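The values are calculated or read from the model by the stated rules, or taken from the named source; none is laboratory data. Everything numeric in this text was worked out from a predicted model, so none of it was measured. Using ideal geometry, Cβ is built from the backbone for each residue, glycine included, and neighbour counts are taken over all protein chains shown. These area figures cover heavy atoms from the full protein model, side chains too; ligands, DNA and RNA do not enter into them. Shrake-Rupley method; radii C 1.70, N 1.55, O 1.52, S 1.80 Å.
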Amino acid sequence: MHRRDFIKSLLALSVVGTGMSLRTSLLWANATGDSKRKIPLVVIFQRGGCDGLNTVVPYGDPRYAALRPNLAIAKPGVAGGCIDLDGFFGLHPALDSLMPLYQSGRLALLPPVQYPDATRSHFEGEVLIEGGAVTEQRSGWLNRYLTTVSGTGTLRGASIGSGLDFALKGGFDVPVIATRSGTFWGDSETFFQNLRKVNESDPGTGLRRKVSQATIQGLDLLDILPPADAGNNASYPNSDLGRRLQRLAQVIKADLGLEVATVDSNGWDTHVGQGSTSGKHPGLLKDFALSISTFYQDIRDSGREVLILTMTEFGRTARENGSKGTDHGHAGTWMVLGEKVNGGIHGDWPGLEDDQLYEGRYLAHTIDFRDVLGEVLERHLGVADPAGILKGYNYQPIGFL
């Protein structure tokens with residue numbers, strides 16, 4: 001049996017114990033004609049703490065340039081200046097590929113997002129935000145969505161990066177896959193328990209035993225997905241983020257019933273040599289914008305839609321440091337992209353004067369991240385009561401959806 005046919009046999013297997021099915025409807029025949037197909041939510045996490053002040057640039061605040069003599073982005077109209085958005089804010093010039101989305105009203109920018117008494121630890125900040133609460137949780141907010149809201153998709157969740165992101169971790173009976181270096185693997189303990197049951201129920205060398213063993217070892221699911229460039233001429237950046245989003249586009253276009261996906265964007269910790277219009281941070285921003293805009297257009301060209309939410313665990317210090325970088329901060333910039341988005345700048349600007357800065361050093365937040373998640377849960381994912389997923393938090397609508 002050829003490897004491709006063998007993996008197809010793997011996916012035809014019915015997993016016992018939870019009613020979970022991985023039958024042949026998994027691929028091209030599943031949802032292509034389904035008018036009720038859900039629009040996937042894609043959450044991109046900028047890990048390391050992206051400097052929001054040099055992403056959506058508050059050039060209209062007189063303190064901005066004074067706080068950053070080496071790192072400040074110039075005003076619009078000056079060489080290397082930011083791209084004007086509304087007369088006060090500008091987009092870093094490296095993000096120019098996102099401007100068509102902004103101009104068409106499909107990009108919402110949220111510069112001051114965080115939560116009260118926020119940590120400045122990378123790990124703790126990621127876990128709290130992905131946990132959807134300000135206290136440590138045993139499961140992620142997207143995991144709780146999948147277990148709270150029923151769905152009919154064969155593959156409802158995916159994590160594209162270095163493993164299963166915490167947002168999708170927890171106890172569940174739904175199939176979720178994650179990638180490591182391009183290999184898809186099931187990360188649900190229930191999923192593996194059921195595969196082991198199949199393995200144990202078929203002693204000897206039967207096909208079902210071979211299939212379950214191969215699944216546990218982790219075969220490359222990409223072998224049976226349509227080619228990455230099928231149906232369009234999308235040219236993704238040759239970067240980790242570009243490759244991850246290209247891989248995710250394959251999954252979405254295969255019509256598996258995907259509802260939520262997480263993608264890692266790494267390297268945003270810029271303590272030293274951050275750069276203003278050239279260097280580490282501008283390079284990351286350019287790749288970030290090109291990867292997202294290519295992915296967004298790729299999905300649209302395939303006749304589908306997607307909602308993209310970008311987040312980071314915190315912003316950076318308002319003042320640059322002595323190493324021409326920035327240190328761990330407070331409020332950071334989040335973005336939302338989609339056909340149903342109310343574009344523009346959202347959230348009140350807190351200001352950069354000394355008495356306006358949080359603890360005298362950091363950009364204060366005026367948007368609680370749980371309000372962002374709540375709006376996505378209710379207005380996009382159709383959750384009637386997001387407080388159940390957000391651990392009792394009653395969110396206040398921001399208006400980006």
Query raised in the report: When you scan region 107-127, how many residues do you find that are in contact with an Asp or Glu (Cβ under 7 Å, 6 or more places away or on another chain) and surrounded by fewer than 21 Cβ atoms within 10 Å (Cβ to Cβ)?
Result: 2
Report task. Using the structure shown, decide if Gly132 is open to solvent by less than 30 Å² (accessible area, probe 1.4 Å), modelled with pLDDT of 90 or more and not basic (Lys, Arg). Result -> yes
Report summary line: Residues of region 361-374 being over 22 Å from the mean Cα position of the chain (by Cα) and part of a loop (DSSP other than H, G, I, E, B), in sequence order, are Arg361, Leu363, Ala364
Query raised in the report: Do any residues in region 62-81 that are within 17 Å of Gly325 (Cα to Cα) have Cβ atoms under 8 Å from those of residues that are open to solvent by 70 Å² or more (accessible area, probe 1.4 Å) and charged (D, E, K, R), where the two are at least six apart or on different chains, and which pairs are they?
Result: Leu67/Arg319; Arg68/Arg319; Asn70/Lys324; Leu71/Lys324
Query raised in the report: Under 9 Å by Cβ, and 6 or more places apart or on different chains, what pairs join a residue from region 375-399 that is assigned to a loop (DSSP other than H, G, I, E, B) with one that is among the β-branched types (Val, Ile, Thr) and open to solvent by 70 Å² or more (accessible area, probe 1.4 Å)?
Result: Val383/Thr148; Ile389/Thr148; Lys391/Thr135
Requested in this report: List the number of the failed condition for Leu401; all other conditions in (1) in contact with a helix residue (DSSP H, G or I) (Cβ under 7 Å, 6 or more places away or on another chain); (2) of a type in the set (A, V, I, L, M, F, W, C); (3) surrounded by 22 or more Cβ atoms within 10 Å (Cβ to Cβ) hold.
Outcome: (3)
Report task. For Ile39, indicate whether it is part of a loop (DSSP other than H, G, I, E, B), within 24 Å of Glu378 (Cβ to Cβ) and in contact (Cβ under 8 Å) with a residue 24 or more places away in the chain. Result -> yes
Report summary line: The condition from (1) open to solvent by 10 Å² or more (accessible area, probe 1.4 Å); (2) in contact with a Phe, Trp or Tyr (Cβ under 9 Å, 6 or more places away or on another chain); (3) touching a residue at least 40 places away in the same chain (Cβ under 8 Å); (4) among the aromatic types (Phe, Trp, Tyr) that Tyr59 misses is numbered (3)
Query - Residue check, Ile292 assigned to a helix (DSSP H, G or I), under 13 Å from Ile44 (Cα atoms) and open to solvent by less than 10 Å² (accessible area, probe 1.4 Å) - result: yes
Query - Breaking point among (1) touching a His at 6+ places or on another chain (Cβ under 7 Å); (2) closer than 21 Å to Pro111 by Cα; (3) not acidic (Asp, Glu), for His281 - result: (1)
**Report entry** Scan of region 369-392 for residues that are out of contact with any helix residue (DSSP H, G or I) (no Cβ under 7 Å at 6 or more places or on another chain) and either surrounded by fewer than 16 Cβ atoms within 10 Å (Cβ to Cβ) or more than 23 Å from Asn54 (Cβ to Cβ) (or both), ordered by number
**Finding:** Arg370, Asp371, Glu375, Val376, Arg379, His380, Gly382, Ala384, Asp385, Ala387, Lys391, Gly392
Query raised in the report: For Gly325, are the conditions met, namely being open to solvent by less than 50 Å² (accessible area, probe 1.4 Å), on the phi > 0 side of the Ramachandran plot, touching a residue at least 40 places away in the same chain (Cβ under 8 Å) and in a loop (DSSP other than H, G, I, E, B)?
Result: no
Query raised in the report: Looking at Phe88, is it under 18 Å from the mean Cα position of the chain (by Cα) and surrounded by fewer than 17 Cβ atoms within 10 Å (Cβ to Cβ)?
Result: no
Report task. Could you please find all residues in region 101-127 being over 15 Å from the mean Cα position of the chain (by Cα) and part of a helix (DSSP H, G or I)? Result -> Leu101, Tyr102, Gln103, His122, Phe123, Glu124, Gly125
Report task. Please identify the pairs in which a residue from region 128-150 that is under 16 Å from Phe45 (Cβ atoms) has its Cβ atom under 6 Å from the Cβ atom of a residue that is open to solvent by 30 Å² or more (accessible area, probe 1.4 Å) and assigned to a helix (DSSP H, G or I), counting only partners at least 6 apart or on another chain. Result -> Glu130/Phe166; Gly140/Phe166
Query raised in the report: Does any residue in region 331-360 that is open to solvent by 70 Å² or more (accessible area, probe 1.4 Å) and in a loop (DSSP other than H, G, I, E, B) come within less than 7 Å, Cβ to Cβ, of a residue that is at pLDDT 95 or above and not aliphatic (A, V, I, L, M) six or more places away or on a different chain, and which pairs are these?
Result: Asn342/Gly399; Asn342/Phe400; Asp348/Thr366; Glu353/Arg63; Asp354/Gly360; Gln356/Pro350
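Do you know which of the residues in region 128-168 that are assigned to a loop (DSSP other than H, G, I, E, B) and among the polar types (S, T, N, Q) is nearest to Asp368 (Cα to Cα)?
Thr135
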